[in-house]
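K.L.:
I'd like to ask some things about the structure below.
The values are calculated or read from the model by the stated rules, or taken from the named source; none is laboratory data. Because the structure is predicted, anything quoted here is derived from the model rather than measured. FYI the Cβ positions are ideal-geometry reconstructions off the backbone, even for glycines, and counts take in every protein chain you see. Side chains are part of the model used for accessible areas, which takes the heavy atoms of the whole protein and leaves out ligands, DNA and RNA. Shrake-Rupley method; radii C 1.70, N 1.55, O 1.52, S 1.80 Å.
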Amino acid sequence: MSLWTRLSNVFRRQRVADEIDEELQAHLDQAVAAGRDPSEARRALGSSLRLREESRDVKLAAWLDSLRADAVFGARLLIKNKVASGAAILSLALTIGASTAAFRLIDAMLLRPLPVAHPERLHVLTYQFTDENATQRTEDNYSYPLFRELLAAAEDRADLLAISWAVRVDLTYGSDADMEPAKRQYVSGWTFNALGLQPTLGRLLTPADDQQPGAHPVAVISHDYWVRRFGRDPGAVGRHFREGNDLYEIVGVGPEGFTGTEPGTLTDIFVPTMMNAAAINNAGWTWFRVWVQLRPGSDPEGVRQKLAAAYYHHRVERAKGWRNVPQKVIDAYLGETVQLPSAAAGTSGLQRSYRRALLILGALVGLLLLIACANVANLMMAQAAARAQEMALRISIGAGRARLVQLVMMESALLALAATALGGLFAWWSAPFVVSLIKPPDDPARLILPADLRVLLFAAALTAMVIFLFGLAPALRASAVRPIAAMRGGADPRGRRRLMNGLVAAQVAFCFLVHFVAGLFVTTFDRLSDQPLGFAADRLMTVKVESNSKDLAVPAEQVAEALRGVPGVQQVSWASWPLMSGNAWTEPVRRRGQQDWDASPCYFLNTSPGWLETMQIPLRAGRTFRPGDVHPKAAIVNEAFAKRYFPGESPLGREFEVPGRGDQVMRIEIVGVAGDARYRSPREAIRPAAYVPFEANASPQGTYLVKTASASPLELATALRRAVPQVHAALRVSNIQTQQRLIDANTTRERLLAVLSRFFAAVALLLAGIGLYGVLNYSVVQRRREISIRMALGAQPADVAWKVTAEVFVMLIVGSGIGLVAGIGSESYLETLLFSVKATDWAIIATPVATLVAAAVLAALPPLWRAIRVDPARVLRAE
């Protein structure tokens with residue numbers, strides 16, 4: 001009989017049984033027909049039960065049949081214990097779903113290889129340096145003149161690709177009124193060919209498209225953008241769009257699945273690097289990454305050394321022309337070290353920023369999973385104790401230890417499979433939800449989160465691990481029962497209580513660690529959010545204005561007047577960019593008359609008259625800008641600037657110097673002193689800053705700060721968008737957002753960690769509380785006789801309560817101590833994510849301790865009430 005038939009017969013047991021009965025009856029009928037007595041024929045044939053068992057073993061796969069029987073029995077037990085089974089399934093489902101969601105995020109952001117040929121040969125060139133705050137930093141931005149030198153250095157060992165960041169741009173397929181956002185990326189013309197990509201429609205970019213600056217305005221759109229924007233219309237190829245002053249023709253659609261090289265961002269449009277014509281020959285304009293595709297047989301270290309030599313040579317040649325730059329800055333510039341890390345999974349700023357945060361969230365989810373497994377293991381231990389006589393009876397009639405282990409493990413497998421099914425639904429919802437928290441709604445992070453074979457294999461491996469974690473110990477404990485002792489009423493349960501108490505200590509340790517880390521993240525977010533800004537963000541909007549013309553002769557004041565004419569607008573001023581936007585302009589500074597430049601550069605920002613009033617930055621001394629002030633004649637400095645360069649004296653009327661072109665030096669007079677305001681980030685200490693007016697005949701492009709009367713300033717967004725083009729048809733509003741959103745964007749990662757860690761801490765506390773309740777309840781049930789005897793002999797309720805809870809509360813202390821040590825030890829890994837908080841802060845330690853104690857007390861109340869309400873006479877009579 002074939003194996004397939006034996007396997008399929010397991011699920012046709014009744015039919016097989018009927019066939020065996022018919023076969024046995026046929027043998028009897030044949031014997032009777034031959035003249036034998038029916039009774040003698042039955043005796044000669046032998047035991048019908050034995051024959052049926054032997055025949056069934058031949059016709060069925062016995063091992064599969066035993067698994068089927070155990071599954072049916074286990075399902076009946078789970079249905080019988082609905083409450084306990086439901087709690088176990090829900091707790092496991094939540095943690096398995098969270099683990100799967102965390103894996104989807106980590107896989108999409110950090111692990112999944114790019115859908116290109118030979119991703120393992122891809123690397124990205126980076127350089128490391130020490131900034132003015134003595135912090136090691138890694139960057140990956142390069143200029144095109146340097147790229148040419150790098151190309152020549154590595155031409156025999158690797159292919160180099162210039163690929164810019166995917167940035168949001170405004171483009172139109174019609175008039176300016178129909179502007180729409182898209183993500184655009186500059187790429188070398190040979191990029192698609194080097195990556196082994198084929199077009200879905202039309203053609204891809206070629207080296208011929210990337211020879212002369214501005215000569216080939218062609219574009220390739222991604223497959224995802226083609227589906228979203230054009231609904232798979234083949235007519236998209238050949239269409240034109242305008243971005244800035246350039247009119248592009250779409251020549252092809254990229255391959256399905258390829259959405260650029262930056263995890264977290266889906267690139268919509270790819271254009272040749274030469275279309276950024278203004279930057280091609282500018283050695284100071286760094287605007288792309290250098291990708292290195294090793295040729296077969298090339299040594300990464302050898303390639304890195306060649307690129308590092310070319311990089312250093314380029315730096316030395318550039319530094320030769322510097323005259324007004326501090327020597328310390330030059331030394332740091334020449335001391336940068338070149339690295340060549342793997343980029344098989346792509347590279348992006350989002351990936352770098354969230355790498356550690358995602359790994360920490362994965363670790364927290366793992367701790368939750370361990371808590372849930374310990375919880376269910378305790379539940380299974382308690383059920384195994386209640387079934388001790390059943391197990392003893394099974395052993396007495398011949399069941400082996402392996403058979404009992406299989407029985408209990410099958411129950412665990414049913415729990416895990418049910419939990420995995422529910423957890424899959426939770427993971428399907430929660431992973432996109434977490435992605436939505438990573439970046440603001442107007443520029444969301446976008447990750448491909450497929451439920452493919454990688455995710456399914458992870459879920460399968462996780463399910464197997466869960467079965468092993470919470471099922472094996474109860475299975476071994478149940479199979480080790482001693483029949484005689486169990487049939488007499490059960491052995492001493494102290495050994496079992498020790499194992500359960502050990503699991504409680506592990507639960508508490510994991511729960512304490514989760515709460516401890518959550519406390520660090522929540523405190524970090526609160527302290528960052530409470531940082532004094534030095535300006536007022538309420539009712540303030542930032543309106544970014546751009547122009548299609550490079551030489552537009554429209555005064556910025558005219559645009560400001562148009563915005564002031566919108567009903568509900570109170571004040572309007574403008575600047576190069578808003579505070580807290582992440583942009584920065586830095587220059588070395590020295591007092592007039594000094595020889596050496598300050599090694600720590602100062603912040604600069606172009607602002608208009610009235611900007612301080614709009615931002616509500618107090619003027620401490622001097623005056624604000626007047627309409628006739630132009631750069632570099634005047635400056636308003638902050639208090640930090642005055643303290644550094646003019647300590648103990650008034651800076652008004654004094655001059656400071658900044659480097660000009662070549663050997664020139666610009667002298668700027670200080671006309672006012674403003675209060676300190678945060679320039680770039682809430683994490684950064686207040687640095688010296690100088691606010692300078694715009695140059696004469698400056699472009700009207702920039703960011704206009706609009707103070708509104710309404711508490712909901714975005715209500716005026718439509719009216720403000722319409723007002724700007726009325727000044728001149730070449731002007732348009734590319735982005736409107738509130739100043740508060742810019743501030744909130746600086747704490748997006750911290751907010752994500754705080755929200756998720758709070759949720760994980762609540763789940764951990766719930767699971768730990770359930771675990772404590774289960775163990776205490778089991779202890780009371782197992783010790784009812786002991787409690788009755790003690791109470792009959794005069795023990796007080798307090799003595800009984802202490803006897804019941806002492807072991808568990810000792811485990812609570814032990815677990816908390818282990819969790820505290822682990823939490824303090826984790827601070828070094830978490831350091832880059834924390835702000836103004838230490839693991840040894842009393843509040844950080846006291847919060848999880850108080851929370852766990854409160855949870856333990858609440859979990860202990862029902863079992864303790866049951867213990868002190870025991871009726872000794874009734875219990876002892878029953879036994």
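K.L.:
Compute log10 of I(q)/I(0) for the chain with the Debye formula, placing one identical point scatterer on every Cα and leaving out solvent, at q = 0.06, 0.07, 0.10 Å⁻¹, to two decimals.
P.N.:
-0.61, -0.77, -1.21
K.L.:
Give, as a single signed number, the net charge of other residues whose beta carbon lies under 13 Å from the beta carbon of Leu820, with Lys and Arg counted +1 and Asp and Glu -1.
P.N.:
Spelling it out: positives minus negatives among the neighbours equals -2.
K.L.:
Work from the charge dipole of region 758-879 (Cβ charges, +1 for Lys and Arg, -1 for Asp and Glu, about the Cα centre) and give the residue of Gly771, Ile818, Val837 farthest towards its positive end.
P.N.:
Of Gly771, Ile818, Val837, it is Gly771.
K.L.:
For a protection proxy built on the mean count of beta-carbon atoms within 10 angstrom, sort 320-326, 240-246 highest first, please.
P.N.:
240-246, 320-326
K.L.:
Please arrange Leu457, Leu793 by accessible surface area, largest first, computed with a 1.4 Å probe and ligands excluded.
P.N.:
Ranking Leu457, Leu793 by accessible area, largest first, yields Leu793, Leu457.
K.L.:
Which FRET efficiency value, to the nearest 0.05, do you get for Val665 and Val810 by plugging their Cβ-Cβ distance into 1/(1 + (r/R0)^6) with R0 = 60 Å?
P.N.:
It comes to 0.25.
K.L.:
Once amide H atoms are placed 1.01 Å from N in the peptide plane, what residues at a sequence separation of 5 or more from Val218, or on another chain, have their amide H within under 5 Å of its amide H?
P.N.:
Hits under the 5 Å cutoff: Glu249.
K.L.:
What's the percent breakdown of Cα-Cα distances in region 605-661 across 10 Å bins, shortest bin first?
P.N.:
Taking all Cα pairs of region 605-661, the binned fractions are 18, 53, 27, 1 percent.
K.L.:
At each listed q (0.18, 0.27, 0.29 Å⁻¹), what is the log10 of I(q)/I(0) that the Debye formula gives for region 302-353 modelled as equal alpha-carbon point scatterers?
P.N.:
One equal scatterer on each Cα of region 302-353 leads to -0.75, -0.99, -1.06.
K.L.:
Would you please name the chymotrypsin sites (Phe, Trp or Tyr not before Pro) within region 433-476 that are DSSP coil residues with at most 13 other C-beta atoms within 10 Å of their C-beta?
P.N.:
Taking region 433-476 and a limit of 13 other Cβ atoms within 10 Å, no loop chymotrypsin sites (Phe, Trp or Tyr not before Pro) are found.
K.L.:
Rank by packing, highest mean first: peptides 520-529, 502-511, with packing defined as the count of other Cβ atoms within 10 Å averaged across residues.
P.N.:
502-511, 520-529
K.L.:
Report the antiparallel proportion of the DSSP beta bridges in the chain as a percent, rounded to a multiple of 5.
P.N.:
Numbers: 69 of 86 bridges.
Within the chain, antiparallel bridges account for around 80 percent of the total.
K.L.:
Separate question: At 1.4 Å probe size, with the rest of the protein present, what percent of the exposed accessible area of the chain is carbon and sulfur atoms?
P.N.:
Carbon and sulfur: 57 percent of the exposed surface of the chain.
K.L.:
Still on this structure: Projecting each Cα onto the charge dipole of the chain (Lys/Arg +1, Asp/Glu -1 at the beta carbon, about the Cα centre), which of Leu852, His728, Ala382 comes out farthest on the positive side?
P.N.:
Of the options given, the answer is Ala382.
K.L.:
Further question: Among 228-237, 683-692, 335-344, how do they line up by average Cβ neighbours within 10 Å per residue, starting with the highest?
P.N.:
Numbers: 228-237: 13.7, 683-692: 19.4, 335-344: 16.1.
With the highest mean Cβ count within 10 Å placed first, the list reads 683-692, 335-344, 228-237.
K.L.:
Taking square-rooted eigenvalues a ≥ b ≥ c of the alpha carbon gyration tensor, is region 167-248 rounded, prolate or oblate, where a/c under 1.5 means rounded and, failing that, a/b exceeding b/c means prolate? Display every interim value, and only then the final one.
P.N.:
On the way: a/c = 1.88, a/b = 1.24, b/c = 1.51.
Because a/c hits 1.5 or more and a/b fails to exceed b/c, region 167-248 counts as oblate.
K.L.:
Next up: Where a ≥ b ≥ c are the square roots of the eigenvalues of the C-alpha gyration tensor, would you call region 745-876 rounded, which needs a/c under 1.5, or, failing that, prolate if a/b is larger than b/c, or oblate?
P.N.:
Taking the square roots of the gyration eigenvalues as a ≥ b ≥ c, region 745-876 is prolate.
K.L.:
Tell me, what is the per residue accessible area of the chain in Å², probe radius 1.4 Å?
P.N.:
Computed with neighbouring chains in place, this is 46 Å² per residue.
K.L.:
How would Trp287, Trp190 line up by accessible area, probe 1.4 Å, largest first?
P.N.:
The residues order as Trp190, Trp287, largest area first.
K.L.:
A follow-up question, please. Modelling each spin label as a point 7 Å along the Cα-to-Cβ direction, I'd like the Val857/Arg228 distance in nm, to one decimal.
P.N.:
The two pseudo-label positions are separated by 5.2 nm.
K.L.:
Using the C-alpha atoms of region 596-701, what convex hull volume per residue, in cubic angstrom, is computed?
P.N.:
Taking the convex hull of the Cα positions in region 596-701, it is 128 Å³ per residue.
K.L.:
Ok, one more. Which one, Tyr679, Val32, Leu67, is farthest towards the positive end of the dipole of the chain when Lys and Arg carry +1 and Asp and Glu -1 on their Cβ?
P.N.:
Val32
K.L.:
Something else: About the Cα centre, and with charges only on the beta carbon of Lys, Arg (+1) and Asp, Glu (-1), how big is the dipole of the chain? Nearest 20 debye, please.
P.N.:
So the dipole magnitude of the chain works out to roughly 3020 debye.
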